Each structure stands twice: as structure tokens, then as C-alpha cells.
């Protein structure tokens, strides 16, 4: 153990990932997803982290009716029959990561200062295992030390009580948080007096929620999993299912077998959209597999709005629109029709980078399709014009009447296992009056009416000194947020930062004057809060609410559930500021009582406790899908006209987008390899067209500095290696979270305030 008295003064931790010393290696990109490599990867991660018996036990329980929900993505499970292995390679990685045998005990934290830990990679931090005890980093100290649960809650409560206003606190939420914990979390924040409830949705699908709410009256998709088997045409745009939602490939494979056409639209051609070798089918694993995309459209970064404008132009020119649907259920058609037909082909082709003949072919296919599904993810949601782009796609589907029809609809695919559920039960910095009124009636408390701050505004608020306490229910806010340096300065400006976590991450190292870590149970673990076996619920991408029952023994006897953390924190705060009357102890002793509260305050949860116990759970109401009812101000689906918004670049500038590697789940890095793209041993790489490399006189693997440019400001990052890759000329791609440092805090999407991680203007210069 170090001499704490000698070296306990806190040095400034490094907020960014360290520069890499090892050179990247490159091989041919994969032309198929899953197959034997996926099986081997699953076995490797499972056995090395959980052991043989642990792997069998945990993986046989995931996504089962009596098991736990995968802590990875939010792709839905089949409503009826489920296979023995109802998981994917990357889901298995997430489970193994949580169920690891390694432990980050208090001894670990006493051996390493936060400054030393900040020089380690995100991968190394994550590999240290599960956090076992509550920890505190005291003001001025460089080392975390163990603290009791009561001691931790007392420290936090006193800090809350010292605030001049409730709005000086911020309650952040991760998408892994259960419905029950999220509901208690928002109740704690609002009973304290603030709507400062940012969440990870602010950084990903906020644009989808805003766009769809304005267009169709609900901020969610309109399809069920079964619709994929009834579709004529499925368009996958701005999404990489093979890495980010691998089980979606099964749905696409099955749709193809039922006669559907699949079109991929993306600047990068991803392996999962080429061919899929289902790991549970020996003939597919050993054979050729199944082709997924019938055609791939190589759109420029941020060219999607113009591309779908082109599709609309073909549909309208050929008179393939569904006038019966348009006349009966929509408004805004004539204005949109005029705008579309008035948009020149030259402008469309220039912005999207796709030939007119190609647009013509896909547009005609769209026009003839009787049932079209369009799926998307963050490739659409993280641009300045993301809301307009998603509304353009919505318009195209509305033209064909593809809302409220079997085999058709809008399908934003969520990346966190319960990010949609968290929003449904109240994690929203701008809650509706109806919801606040229902909370006030239920709990007898006047809920705050002033709007709160989202993730971007939280950083600004902390930077100004207007927020002094930041508490995070899961996640890794520092690494997930844009503008890493700005986010770091904001967090360090707080008097207290609190992380409710399972494993070490960079947000534990860059803290306020005092930092506290509260370790909680994971999704896979047995929850006996209140002396009885509890379960939680989650909502998937298609609006199904279902049970999740942890099975394995907790990583430490000191761990408590997320619900218990919230309740005990609430009780401690109320001991300082006065009781609210909310029965926190009763609620956390029986999660059924939490679900009863949700039923009474959130629409669609009728008979919640009964229905969530049914195998597969239940669908929440979805008026556009279920009845072609559109809860907009007009009462109709709105065909919204937006101007095309191209990205304007100067000479020698590139448009950069951030992407995940295959061995990554959000900010969690499993290895430095990207198997599908053929890149290994490095993450600090910039994918670039060979034409761009040659035009600038550069060499592959050359080390460069990337500088982002926004509104007259520049941010530079060193130590990036050029990788030649099949990407449109003038476009480049980098992995996040490493490249988040380059995304300016002020660069956000119109209407949603989402960071523009997919459209960053950069220059690139060789390093000396």
C-alpha cells in the first residue's frame, strides 16, 4: 500500500483515453456476420470471465420467460417460442462482463490513485472487475477509501441539504436502469424539487422522439417484431445491426425467407448487412449463410435527408402515393408535395452522393411496396438536421400509408436495454403536465413545473457553477458525453459527484471536490431486497414490458439493488430537509408497490403486476400502430416540410462520424479489435478513403492530428493512425469514446439538442 500521508494530494486526473503505443493491424473486412467466429468469441468471453459452469448458468437464463433481460441492447425477444440460446455474441459479452469473477475491492482502490488510474485505458479499467463496497474520494485526496452505506448516504444528504436551490442538483440516468428504479429515481428528483433529469437518450434517440412526436403523436416506433415477417420491403438506414443489435439479423434473415427485400443505407458497408451465418444453425454456420441486403446504398455522411427526398420525388412523380390514407389520416401533403417536386435532382444528388438512377430504382421499389418498414439508429439521430431527416423518412412512409398496417411502420432501434422504458416511466427533463399532475395526486406533493436540463445543458450548468451536485444512476457520463474536456471541467466544478455503478470507469476518476461510488446489483443478480425475491421490468424497442429476474449470487454481500440505493438516499435526504410523506421503505420492500404507483400515474400500465407476470409481458398502447390514431395537436399525422440542410465544408475539410467497434458496447471496451472491419490492436484510428489518402500525399498507418472546427473554435487530438477503408470521399470515421473529445459541446441537433457525433467538420494534419 502506498504511503498515503506522503502522496495523497489529488493530482489532476486525465479525462481522455491515453495515446496508444502499439501499431494497428489490418486485414480484409469480413463479408459475413456471426458464424464460427461469433461462437468462439462467445465461448472465450464466457469461460474466461464466468467459468464453464457460470457461462452455462447465466447464458441459459438470458431472455427467457423466467430469466433476466440481456443488459445489452433493447432488441425484442420473440413473443412465443424462445430458443435455448436466446442471445447474441455481443449480448454474451455484456453478460460475461457483468458476471466476471474479478473484483475491484477496496484494496484495489487503495493501491491505485485516481491520477494513476486515469492513465489506464478504458478497457483496462473495465477489466478490474466488480466494485464490491461503497467508496469515497474525499476532497483533496488522491485515493478512494471504503465507507459504510450509512456514511455514504449521510455525506450525500448533507450536500443536498446545503444547496441553495433544488435546481443545483442533477440526476442522470443510464439506459440499463429498470422501470422500477427509474420511477423511484425521477420521484426522488421531483420530490426534492427539480426536473433536472438528463439521460443517455439525450445523446442518442432524442431526435427520434422529438421528430416522431411531432409527426405521428408518439415518440416511439410503430412496429412489432412479427411485422418483419409480413413486410414487402425493409430499409435499414444509419444502423449497424451486426455489431449493435445482432439479434436483429435473425429477423432480417427470416423476413428475407418470407419474401421481403432488404435495402441497406450507410456510408460504410457493414458485414452484418452482407451475410449472416446464424450461430444456432449448423448448415448456416458451416455454409454460405444468408444474404441480407439486396442492395446497399453508399450515402454520404448526412446525406440521408436528401436521399429520402429523392425517394419521395419518385413516389410523387409516379403517383404511387396512397391518397386514401393521406386524405383520411394526414395533414400537410400539398405543401410537402410542392416542396419535393420543386427540389432539383442536382441538389439531391449533390447532397446525398448517390446517383439518380440508384435513387430512381429504390424509389420505385418503395412506391410499389404495400408494407414497408424503415429502421434506423444513431447514424440518423446525431446530426444537426436529425429531426428533419427522421421526419423526411416519416413523410415517405406516410405517403405510402405504411403506418398502422401489418408488416409496415417506423422502427427506431434503441441501443440500451431499457432506455425506452426509463423515458416511459418518467425520466424526462421536460415532463408533461398530465404526468406531473398524476404524480402530485398520487403522492400529495406539488411537483416542480420548471423544465429541467438535458445532458448538454447539464454540462453547461455545472460549468457555470449553477449545479453543484451530480448523481448518476449507472452509465459513464464523462466518456459518453461530447466534448470530453468540457465535460471534465464541468464535473470537477461540482462539490459532489456520485456514481451508482457496477464496474470501474473513467467517470469515477474525474469527479467533483468529493466523489462517491455506490455499487449496486447487476441485471443478472439475485435481488432479495426487503427479505423477498424481487424482480424488475423493462421495455424493449417495440414497446413490450416484461419481467427480468436475476439468478446469480451477488458479486459482493455489500451490494444492494438500484431501488434500494434510491430509497435509502431519499430517506437520508429527507432526514436533513424534512419528510415528503412518500413511503420509501414500503415501496422498496415490495416492488409490486412501485408497479402499482406506475399503474396509477403512467397510462398504458393497467393491471401492471398481473400482466408483467405473463410470459413475454405485454405491449403498451401505440395509437398510430393499433388504431391509426395520431395524438398530435391536429389529430392527424403531420407530413412536415423541412428544407434540405447540407453540411458545408471548405477545401481540405472532412466530415467525421463516430462509430463503435465490434468488441465494444457503448463506452465499454472489450478489446482493441474490430473483427468485422478487419482492424485490430488499436482504437485510435481514422478510417479514410484511399482517394483521400492519395490526394493528400499521406500513407496508411501514418500518425495524424485531427482538429474539429465549429463556430470559429477548434479542438485538436493527437495520435490517430490512418486506415484506408471503403468510405465515401471526403468522409472519415473514428471510434468513440476516444473521438468524443472532438465533438464541440455547442454543436447539437436542431430541436433535440443531441450532440452531433455523426457530422463533425475536421481537418487532418500529419504529426511531426
May I ask you to list the residues in segment 58-95 that are part of a helix (DSSP H, G or I) and either under 24 Å from residue 620 (Cα atoms) or in contact with a helix residue (DSSP H, G or I) (Cβ under 8 Å, 6 or more places away or on another chain) (or both)?
58, 59, 89, 90, 92, 93, 95
If I filter segment 545-568 down to residues being surrounded by fewer than 21 Cβ atoms within 10 Å (Cβ to Cβ) and part of a loop (DSSP other than H, G, I, E, B), which single residue comes out as nearest to the chain's Cα centre (by Cα)?
549
Matching residues in segment 349-360 - criterion: being closer than 12 Å to residue 296 by Cα and assigned to a helix (DSSP H, G or I):
358, 359
Can you pull out every residue in segment 263-285 that is without any contact (Cβ under 8 Å) to a residue 60 or more places away in the chain and surrounded by fewer than 23 Cβ atoms within 10 Å (Cβ to Cβ)?
281, 282, 283
For residue 440, indicate whether it is part of a helix (DSSP H, G or I) and free of Cβ contacts under 8 Å to residues at least 24 places away in the same chain.
yes
I'd like to know if segment 612-625 contains one or more residues that are farther than 16 Å from residue 211 by Cα and part of a helix (DSSP H, G or I).
yes
For residues in segment 523-544 being in a loop (DSSP other than H, G, I, E, B) and more than 18 Å from the chain's Cα centre (by Cα), which is farthest from residue 126 (Cα to Cα)?
532
Residue among 515, 475 that alone is in contact (Cβ under 8 Å) with a residue 60 or more places away in the chain, in a strand (DSSP E or B) and assigned by TED's automatic domain parsing to the domain that holds residue 606:
515
Given the options 410, 397, name the one that is within 25 Å of the chain's Cα centre (by Cα), assigned to a strand (DSSP E or B) and buried (at least 24 other Cβ atoms within 10 Å of the Cβ).
410
Quick check: is even one residue across segment 231-248 assigned by TED's automatic domain parsing to the domain that holds residue 354, assigned to a helix (DSSP H, G or I) and free of Cβ contacts under 8 Å to residues at least 40 places away in the same chain?
no
Step by step: first the residues of segment 449-472, then only those that are in a loop (DSSP other than H, G, I, E, B) and in contact with a helix residue (DSSP H, G or I) (Cβ under 6 Å, 6 or more places away or on another chain), then the one that is surrounded by the most Cβ atoms within 10 Å (Cβ to Cβ). Which residue is that?
467
Give just the number: which of (1) crowded, with 20+ Cβ neighbours inside 10 Å; (2) in the same structural domain as residue 567 (by TED's automatic domain parsing); (3) assigned to a loop (DSSP other than H, G, I, E, B); (4) at pLDDT 95 or above does residue 171 not satisfy?
(3)
Give the residue that is nearest to residue 170 (Cα to Cα), with candidates limited to residues of segment 413-430 that are more than 15 Å from the chain's Cα centre (by Cα) and in a loop (DSSP other than H, G, I, E, B).
429
What is the number of the single condition among (1) under 19 Å from residue 376 (Cα atoms); (2) surrounded by 23 or more Cβ atoms within 10 Å (Cβ to Cβ); (3) in contact with a strand residue (DSSP E or B) (Cβ under 8 Å, 6 or more places away or on another chain) that residue 296 does not meet?
(2)
Check 596, 586, 606 and return the single one that is in a loop (DSSP other than H, G, I, E, B), in contact with a helix residue (DSSP H, G or I) (Cβ under 9 Å, 6 or more places away or on another chain) and either within 14 Å of residue 534 (Cβ to Cβ) or free of Cβ contacts under 8 Å to residues at least 60 places away in the same chain (or both).
606
Would a scan of segment 634-646 turn up a residue that is closer than 30 Å to residue 71 by Cβ and within 26 Å of the chain's Cα centre (by Cα)?
no
Which of the residues spanning segment 304-343 are at positive phi and surrounded by fewer than 16 Cβ atoms within 10 Å (Cβ to Cβ)?
319
All-but-one check, residue 182 against (1) crowded, with 19+ Cβ neighbours inside 10 Å; (2) within 21 Å of residue 579 (Cβ to Cβ), failing number (2)
Test residue 55 against the stated conditions and say whether it is at pLDDT 85 or above, in contact with a helix residue (DSSP H, G or I) (Cβ under 6 Å, 6 or more places away or on another chain), surrounded by 19 or more Cβ atoms within 10 Å (Cβ to Cβ) and outside the structural domain of residue 249 (by TED's automatic domain parsing).
no
Going through (1) part of a helix (DSSP H, G or I); (2) more than 19 Å from residue 687 (Cβ to Cβ) one by one, residue 272 fails only at (2)
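Condition check ((1) under 30 Å from residue 590 (Cβ atoms); (2) modelled with pLDDT under 95; (3) surrounded by fewer than 24 Cβ atoms within 10 Å (Cβ to Cβ); (4) touching a helix residue (DSSP H, G or I) at 6+ places or on another chain (Cβ under 9 Å)) across all residues:
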site: 478; (1), (2), (3), (4): no, no, no, yes
site: 485; (1), (2), (3), (4): no, no, yes, yes
site: 493; (1), (2), (3), (4): no, no, yes, yes
site: 516; (1), (2), (3), (4): yes, no, no, yes
site: 537; (1), (2), (3), (4): yes, no, no, yes
Are any of the residues in segment 371-390 in a helix (DSSP H, G or I), modelled with pLDDT of 95 or more, in the same structural domain as residue 312 (by TED's automatic domain parsing) and closer than 24 Å to residue 627 by Cβ?
yes
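The values are calculated or read from the model by the stated rules, or taken from the named source; none is laboratory data. Worth saying up front: this structure is predicted, and the values here are computed from it rather than measured. Neighbour counts run over all protein chains shown; Cβ positions are idealised from the backbone, glycine included.
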